[in-house]
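Peer 1: Before I ask anything, here is the structure I am working with.
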Amino acid sequence: MSQLLTDLVEITGTDGVLAGEDVHSRAVGIWRPQGIEAAAIVRPRTTEEVSEILKLCHAHGQTVVAHGGRTGLVEGADTVQSDLILSLERMNQIEDVDVVNRTMTLQAGVLLQSAQEEAEKHGLLYPLDIGARGSCTIGGNIATNAGGNRVFRYGMTRDMVLGTEAVLADGTVLSSMNEMIKNNAGYDLKQLFIGTEGSLGIVTRAVLRLRELPRSQETALVAAESFDKMPLILKHMDACLGGTLSAFEVMWNDFYRLVTTPPAKQRPPISQEYPMYVLIEAMGGDAEGDKRRLEDALAEAVEQGLAVDAAVAQNEAQRNQFWAMRDDVEQIFQYDPVFIYDVSLQVPHMERYVAAVRSNLAQKFGSHELFTFGHMGDGNLHFAVSAGQDESAHHDVNLCVYEPLRPIGGSVSAEHGVGLEKRPYLDISRNQTEISIMRVLKRALDPKGILNPGKVFAS
C-alpha cells in the first residue's frame with residue numbers, strides 16, 4: 001500500500017492524499033459519528049486524475065469507494081480498512097450554464113444547493129430538492145438516483161440528467177456529455193451510472209436539465225380525518241392547479257406531533273388532533289392568480305368533505321416554517337434505538353400496508369414507536385421506527401417493514417438506494433433474473449470487482 005500511496009501522490013500532489021487521522025477524523029456519514037476506516041482518501045481535481053487513479057488501482061486490484069457528501073442512509077459508501085476512498089470534494093466546479101438550452105455543466109462534487117443557487121442566478125430552476133441539499137453532491141445524487149420533494153412534477157434525478165462523464169474500473173473515460181433532451185442514437189449509456197451506487201463506474205461530470213424559475217410558490221398545510229381522503233385530495237388539487245402541483249408531502253399524526261412539539265422548534269400551524277396532514281406546494285407563473293387558485297381549490301376540498309382544516313403560507317417566512325417542520329426528521333433521535341426506512345408502493349396499497357407494519361411491530365415487540373411520512377404523490381413512504389432495546393433488533397424490524405411489500409410488488413428502496421443495509425432484502429423487489437443480469441453488468445464493467453465492493457449484492 002505504501003508504494004500505491006506514493007504513486008497516488010504523483011497523480012494528485014501531496015495535498016491530494018489523506019491518511020491516518022485525517023481519514024479517521026471524518027464521520028462515516030450523516031447521523032453516524034464514528035470515524036471512517038480506510039487505507040487513505042485520494043482527492044482528484046479532474047476526470048483525467050480519476051482515470052489515472054483507477055488505472056493504478058485496477059492494476060493493483062485495489063478496492064475503491066467513491067465519496068460525495070456522505071449523506072446516504074443505507075451504508076452505500078461504507079468502507080473497511082483496506083479500501084481506498086476516492087473523494088470528489090475537490091471536483092466542485094460549475095463549468096457552464098446555458099440559459100437558452102437550459103442546461104448546467106458541472107463536476108460531480110458540486111453541492112446540490114450550489115447548483116440550485118447558480119441556476120436561480122440565471123432565472124432557472126434545478127428542480128431536485130432534498131433535505132440534505134446543503135451537504136449532498138450532484139455525483140451522489142446521480143449515483144443514488146435521488147428523489148426528494150418534487151418528484152411528483154419533475155421526476156427523479158434520472159429525469160434531470162442529460163449527460164454524464166464517468167470513469168470505469170480500468171480507468172477508461174466514458175464521456176456521454178449529451179446536451180439534448182432527445183437523443184435516441186443507440187444505447188443511452190449514462191443510465192448505467194444513475195442509481196448504481198458507484199458500482200459500475202464513477203461519475204465525474206454531468207449535464208443537468210434546468211427549467212424556468214417559477215414566478216410563484218404557494219404552500220399550504222391541509223388536515224384530513226382519514227387516509228382514504230388523501231388520494232382524493234391529491235387528485236382534486238392536481239386537477240384544480242392546472243399542472244403546477246409540485247409537492248404532496250403526507251404526514252401521519254405521529255410524525256406531525258413529533259415535529260411540532262418541543263423540543264422541535266416549529267409550532268403546529270393547525271391543530272395536532274387530526275389523523276392525517278399533507279404539505280402541498282404549487283409552483284407557477286402568475287403569483288396573484290396562482291394563490292387565488294390554490295385558496296379556491298382548498299375551499300372546494302373543505303366543502304366536499306375531503307379536508308377539515310387548512311393553513312396557507314402568507315409569505316416566504318411562513319413557507320420556510322412549513323418546510324422546516326417537514327424536514328425536521330432529526331426529531332426521531334429523541335428515541336433510541338431508531339431505524340429509518342424508505343419504501344415505495346402503489347397508493348391504493350398504502351393504508352393497508354402501514355397497518356400491516358404497525359401490526360407486525362406490535363406482535364414482535366409490543367411497545368414501539370412508529371413515525372410515518374413521505375412523498376405520497378410518487379408512492380414513497382418513510383418510516384422511523386423505535387423498537388427493541390438496541391441495534392440487535394434491526395433485522396427483526398426490517399422484516400416487519402419489508403416483508404409486507406412482497407405480496408403487493410413494493411420496493412424496499414424508493415430513493416435511498418440499496419448499499420449494504422438493504423442488500424439482504426433485494427429479492428423482495430427484484431426477481432432472480434433481474435439480479436442475474438445486474439451481476440452480468442457488474443462483471444462486464446468491473447471484472448475485478450474493485451468498485452464499491454459488496455454494495456447492492458454480495459461480491
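Peer 1: Count, please, the residues in segment 116-144 that happen to be closer than 20 Å to Asp96 by Cα, of a type in the set (A, V, I, L, M) and in a loop (DSSP other than H, G, I, E, B).
Peer 2: Counting residues in segment 116-144 that are closer than 20 Å to Asp96 by Cα, of a type in the set (A, V, I, L, M) and in a loop (DSSP other than H, G, I, E, B) gives 1.
Peer 1: Within segment 13-33, track down each residue that is of a type in the set (A, V, I, L, M, F, W, C), touching a residue at least 40 places away in the same chain (Cβ under 8 Å) and under 14 Å from Ile85 (Cα atoms).
Peer 2: Val23, Ala27, Val28
Peer 1: I'd like the full set of residues that are farther than 30 Å from Asp342 by Cβ and of a type outside the set (Gly, Ala, Ser), limited to segment 55-72.
Peer 2: Lys55, Leu56, Cys57, His58, His60, Gln62
Peer 1: If you go through segment 372-409, how many residues are assigned to a helix (DSSP H, G or I), within 30 Å of Arg153 (Cβ to Cβ) and β-branched (Val, Ile, Thr)?
Peer 2: 2
Peer 1: Let me ask something else about it. Quick check on my filter: what residues within segment 96-113 are part of a helix (DSSP H, G or I) and either aromatic (Phe, Trp, Tyr) or buried (at least 19 other Cβ atoms within 10 Å of the Cβ) (or both)?
Peer 2: Within segment 96-113, just Leu112 meets the criteria.
Peer 1: Of the numbered conditions (1) in contact with a Lys or Arg (Cβ under 7 Å, 6 or more places away or on another chain); (2) hydrophobic (A, V, I, L, M, F, W, C); (3) free of Cβ contacts under 8 Å to residues at least 12 places away in the same chain, Ala185 satisfies every one except a single condition; which is it?
Peer 2: Of (1) in contact with a Lys or Arg (Cβ under 7 Å, 6 or more places away or on another chain); (2) hydrophobic (A, V, I, L, M, F, W, C); (3) free of Cβ contacts under 8 Å to residues at least 12 places away in the same chain, only one is false for Ala185: (1).
Peer 1: Go through segment 410-448 and give me each residue that's in contact (Cβ under 8 Å) with a residue 60 or more places away in the chain and more than 21 Å from the chain's Cα centre (by Cα).
Peer 2: If the condition is that a residue be in contact (Cβ under 8 Å) with a residue 60 or more places away in the chain and more than 21 Å from the chain's Cα centre (by Cα), then Leu441, Lys442, Leu445, Asp446, Pro447, Lys448 are the ones that fit.
Peer 1: Tally time: how many residues in segment 284-335 are outside any helix (DSSP H, G or I) and of a type in the set (Phe, Trp, Tyr)?
Peer 2: 1
Peer 1: Every residue in segment 145-180 that is crowded, with 23+ Cβ neighbours inside 10 Å and either in the same structural domain as Ser51 (by TED's automatic domain parsing) or free of Cβ contacts under 8 Å to residues at least 40 places away in the same chain (or both), please.
Peer 2: Thr157, Ala166
Peer 1: Here's another thing I want to ask about it. If you go through segment 410-457, how many residues are of a type in the set (Ser, Thr, Tyr) and outside any helix (DSSP H, G or I)?
Peer 2: Residues meeting the conditions: 2.
Peer 1: Would you say Ser226 is among the hydroxyl-bearing types (Ser, Thr, Tyr), more than 20 Å from the chain's Cα centre (by Cα) and modelled with pLDDT of 95 or more?
Peer 2: It is true that Ser226 is among the hydroxyl-bearing types (Ser, Thr, Tyr), more than 20 Å from the chain's Cα centre (by Cα) and modelled with pLDDT of 95 or more.
Peer 1: Taking segment 409-445, which residues are acidic (Asp, Glu) and surrounded by 21 or more Cβ atoms within 10 Å (Cβ to Cβ)?
Peer 2: Correct list: Glu415, Glu421.
Peer 1: Then there's this: Which ones in segment 325-343 are acidic (Asp, Glu) and in contact (Cβ under 8 Å) with a residue 60 or more places away in the chain?
Peer 2: Those that are acidic (Asp, Glu) and in contact (Cβ under 8 Å) with a residue 60 or more places away in the chain: Asp327, Asp328, Glu330, Asp342.
Peer 1: Pick from Gln107, Gln62: which is among the polar types (S, T, N, Q), modelled with pLDDT of 95 or more and more than 29 Å from Glu179 (Cβ to Cβ)?
Peer 2: Result: Gln62 is the single residue among Gln107, Gln62 that is among the polar types (S, T, N, Q), modelled with pLDDT of 95 or more and more than 29 Å from Glu179 (Cβ to Cβ).
Peer 1: Of Glu75, Glu10, which residue is loosely packed, with under 15 Cβ neighbours inside 10 Å and charged (D, E, K, R)?
Peer 2: Glu10
Peer 1: I'd like the full set of residues that are among the small types (Gly, Ala, Ser) and either outside any strand (DSSP E or B) or more than 13 Å from Val401 (Cα to Cα) (or both), limited to segment 336-360.
Peer 2: Hits for segment 336-360 are Ala355, Ala356, Ser359.
Peer 1: Find all pairs meeting these conditions: Cβ atoms under 9 angstrom apart; at least six residues apart or on different chains; first residue within segment 260-286 and in contact (Cβ under 8 Å) with a residue 24 or more places away in the chain and not assigned by TED's automatic domain parsing to the domain that holds His236; second residue of a type outside the set (S, T, N, Q) and surrounded by 14 or more Cβ atoms within 10 Å (Cβ to Cβ).
Peer 2: none
The values are calculated or read from the model by the stated rules, or taken from the named source; none is laboratory data. Not measured: the values here are computed from a predicted model. Cβ coordinates were reconstructed from backbone atoms using ideal geometry, including for glycine residues, and neighbour counts include every protein chain displayed.
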